[in-house]
1. Output the residues belonging to the stretch 104-136 that are free of Cβ contacts under 8 Å to residues at least 40 places away in the same chain, over 12 Å from the mean Cα position of the chain (by Cα) and not in a helix (DSSP H, G or I).
2. Mind checking which residues of the stretch 172-195 are more than 18 Å from residue 159 (Cα to Cα), among the polar types (S, T, N, Q) and not in a loop (DSSP other than H, G, I, E, B)?
3. For the stretch 26-67, give me each residue that is at pLDDT 95 or above, closer than 13 Å to residue 186 by Cα, away from ligand 1 (no atom under 12 Å from the Cβ) and out of contact with any Leu (no Cβ under 7 Å at 6 or more places or on another chain).
4. Please go through the stretch 1-44 and pick out each residue that is in a loop (DSSP other than H, G, I, E, B) and within 24 Å of residue 143 (Cα to Cα).
5. Can residue 132 be described as closer than 29 Å to residue 15 by Cβ and either surrounded by fewer than 18 Cβ atoms within 10 Å (Cβ to Cβ) or in contact with a helix residue (DSSP H, G or I) (Cβ under 9 Å, 6 or more places away or on another chain) (or both)?
6. If a residue has to be at pLDDT below 95 and touching a Cys at 6+ places or on another chain (Cβ under 6 Å) to count, how many in the stretch 102-132 make the cut?
7. Can you go through 97, 20 and tell me which one is within 16 Å of the chain's Cα centre (by Cα), more than 12 Å from ligand 2 (Cβ to nearest atom) and free of Cβ contacts under 8 Å to residues at least 24 places away in the same chain?
8. Any residue in the stretch 79-88 that is at pLDDT 95 or above, over 13 Å from the mean Cα position of the chain (by Cα) and among the aromatic types (Phe, Trp, Tyr)?
Amino acid sequence: MIIKKAELEAVTAKRHQYPEDNLPEIAFAGRSNVGKSSLLNLLTGRKKLARVSGSPGKTRTINFYRVNDAFRIVDLPGYGYAKVSKSISETWGDMMETYLENRQGLIKVVQLVDIRHAPSKQDVEMYNYLRHYGLDGIVVATKADKVSRNETQKCVRQIRTTLKLSERDVVIPVSSLKKTGHERLLEEMERLLEG
Ligand SMILES: Nc1nc2c(ncn2[C@@H]2O[C@H](COP(=O)(O)OP(=O)(O)O)[C@@H](O)[C@H]2O)c(=O)[nH]1
Ligand SMILES: [Mg+2]
């Protein structure tokens, strides 16, 4: 799949402000700082489409990117940033639930985890949540440049075990820094969109 056009269509925490047509959507979830914005920029070939931040935890909205006028990539708010207050994390939960439960066009949520570490408790919770909604099955292991080729397989196995993935679930190591792995992810996305 070639992404020719990508534009930010909506930034919102409120359901009534979601884009209204029923374009298919593929959403991306992961803890703050996992590399979600960097990945979206790599996928779309637009360096500054999504804001990359050195300080985690800023995004408190759902960001809708319209791609090729054919589907959307949806940037879900990051979780797991230690400094958020209880009330903010409740808002996060409400936002996620509202989106995941009601969104007609949503076909899949790609779960991002940092390749270097075993998925955290919150990563596991998030993935189980996706499983509950039947939106699981694709995991991206980010920052693949941080581990050697040798270690990559070991890390992927650890991710598979910790998230209790099945054989047909895919784990795709990606480096936004080195620009590797994204083509395989785009292929998976294309497959999903073709249904
Ligand atoms: N080494 C490396 N660093 C990355 C990669 N992707 C993101 N980062 C860094 O991780 C930090 C968080 O990235 P960002 O894309 O804003 O993460 P987000 O909070 O999940 O959207 C930034 O400092 C990025 O430069 C990657 O593939 N490799
Ligand atoms: Mg981000």
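1. Hits for the stretch 104-136 are 116, 117, 133, 134.
2. Selection gives 180 alone.
3. Within the stretch 26-67, 67 is the sole residue that qualifies.
4. The first filter runs over the stretch 1-44 and keeps only residues in a loop (DSSP other than H, G, I, E, B), leaving 1-5, 13-14, 18-24, 32-35.
Within the stretch 1-44, 1, 2, 3, 32, 33, 34, 35 qualify.
5. So residue 132 passes the test.
6. Of the residues in the stretch 102-132, 0 are at pLDDT below 95 and touching a Cys at 6+ places or on another chain (Cβ under 6 Å).
7. Matching residue, one of 97, 20: 97.
8. No, the conditions are met nowhere in the stretch 79-88.
The values are calculated or read from the model by the stated rules, or taken from the named source; none is laboratory data. The structure displayed is predicted, hence computed values, not measured ones. In this analysis, Cβ positions are derived from the backbone assuming ideal geometry, glycine residues included, and neighbour counts consider all displayed protein chains.
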